[in-house]
Structure formats: C-alpha cells, structure tokens
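A short worksheet on the structure shown next.
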Amino acid sequence: MKTTPAMRKLILSVALALGSGSSLAAQTANADTKPNNNIRPAIKWNRFDYTCENAAKVTVYLHDPTAKVLFEDQVYMMRQTLSADGNRYSDGKTVWWGKADGGFLQEDTPGGDGKMIVKDCILEKRAATDTISGTIMYLARMALPPQATIHVELQDVSRANRPATVIAHEKFELGNRQVPLPFTLHFNPEKIDPKHTYSVSARVMIGTESRFMTDKPYPILTQGNPSKVDLILKPAKP
C-alpha cells in the first residue's frame, strides 16, 4: 500500500508521542527511586551547668555559633559575637559571657555596663553519668500547647510507706512535638544500689497544673529490669 504524505506525517506523530511517553515513565521511575534526603538531623547541643551567686543555676547549651541560655525559667537564644576576652553570646538585649570556667549574664549595652542579671557563675564539674531512655505516651485525644513541659524522674522506691527519693530529674518543653515523645534521663551511676528498687515517673504540666501523669510504678535498672521503658500517662486527678 502506497503511503501518502499525510499518512507518513500521522505515523511520525504517533511514534514521537510513544517515545515521549516512555521517556516520561522512565523519568518518573527514576524520581521514585531517588532517596529522600530532606530529613534534617537533630541538632546536638553541648550542655554546661553553672552555679552562680546565691546558689542560682544557669544552664548553657552550645552549638556552633548559637547559645541557648536557661535562667529562672527564661530561655535566651543567642548568637556568638566578636570578643577579645572569653566567649560572648548575645540576643541584642542580654549577653552571656563565658570566661574559662566562669561566666555571667548581663543586659547588653553598647558600653558593656548593663545591669547584671546573675554573676559569679562557676562551671560545675560533671560526674560520670549514665542514661535511661524510653517514650512518653498518653491515650486521650487532645493536643497540648507548645509551652507544656514534660517532667521525668528516676526515683528510689525501695523504702515502703516512705516518699520516694529522687535520683535524677529532667524537664523539657513539648514544642511542636506530639506523642509518643522520646526521652533520655541522665543520672549518676554512683547513686544506684543494686539491692534497691528504682522506678521512672513522668508528668505533663501546663504552667503549675498537672494534666497527665504516670499512675503506677515503672521498674528500671536493678532487679533484672531494663534501662529503657515506655511510659503511658493518665489524666491527672483534680
């Protein structure tokens, strides 16, 4: 059969369309097999604890040029600034000066003579620590505000009919996270007696009000118990 110019043009158009479809399918397949590298790794902060005048406590977290300073329930997010003497971090209003094993928190002014917030801070020499870890979960269907705080405690519960002895305590803000929440609790292993019984407790607070809390012991560490535990919190009783 003799092909006309119109037929040849139609055949060429169909061939091009089929080729484009194959190329698009191949590109889609390749795109689907590419690994997703958009997940950002968690920031690793280096923690430094200071004891200041009148036994005040300051905690400083450092990561590259950023400092997170905690003092009296205030959190200051600062950036490192130029300084000829010591490590200076500022948010434009408040400055943290770290010099050798000391430091102070001060209002930031051009002349460097701002009001002292806390001074005579001495870096605490941290003892060797160990950790327990796990997750925190509550079953109620409600979202908590970002300012909610999570409190986790390691307790010695060996003595019956007596209040538990707190071995270690950690507090962190919920932020934009939702349950289950991972946690890590640092403790001094020298405070652990293999013959004693230990338990982990947790509570969720909004301001001074408890919203959720553990309602039973969660044994840990000794007596054959693990160092990892998953906590289920129940609504706190009024």
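General observations
- Listed residues PRO146, THR135, TYR76: farthest to the positive end of the dipole of region 51-168 (Cβ charges): THR135
- For region 139-228, the fraction of 1.4 Å probe accessible surface lying on carbon and sulfur atoms is 51 percent.
- When only the Cβ of Lys, Arg, Asp and Glu is charged (+1, +1, -1, -1), the dipole of region 112-155 relative to its Cα centre reaches about 120 debye.
- Here the gap between ASP120 and LYS228, fully extended at 0.36 nm per residue and compared with their Cα-Cα distance, gives a gain of 35.1 nm.
- Dipole size of region 82-182 about its Cα centre, with +1 on Lys/Arg Cβ and -1 on Asp/Glu Cβ: approximately 340 debye, rounded to the nearest 20.
- Additional length obtainable on full extension of the chain from THR109 to ASP193, 0.36 nm per residue less Cα span: 25.2 nm
- Taking each of LYS44/LYS237; LYS68/LYS191; LYS171/LYS228; LYS57/LYS228; LYS68/LYS171; LYS57/LYS171 in turn, the alpha-carbon distance tops 26 angstrom for LYS44/LYS237; LYS68/LYS191; LYS57/LYS228.
The values are calculated or read from the model by the stated rules, or taken from the named source; none is laboratory data. None of these values were measured; they are calculated from a predicted model. Quick reminder, even Gly has a Cβ in these numbers, built from the backbone with ideal geometry, and neighbours come from all protein chains shown. Just the protein is used for accessible areas: all its heavy atoms, side chains included, with ligands, DNA and RNA removed. Shrake-Rupley method; radii C 1.70, N 1.55, O 1.52, S 1.80 Å.
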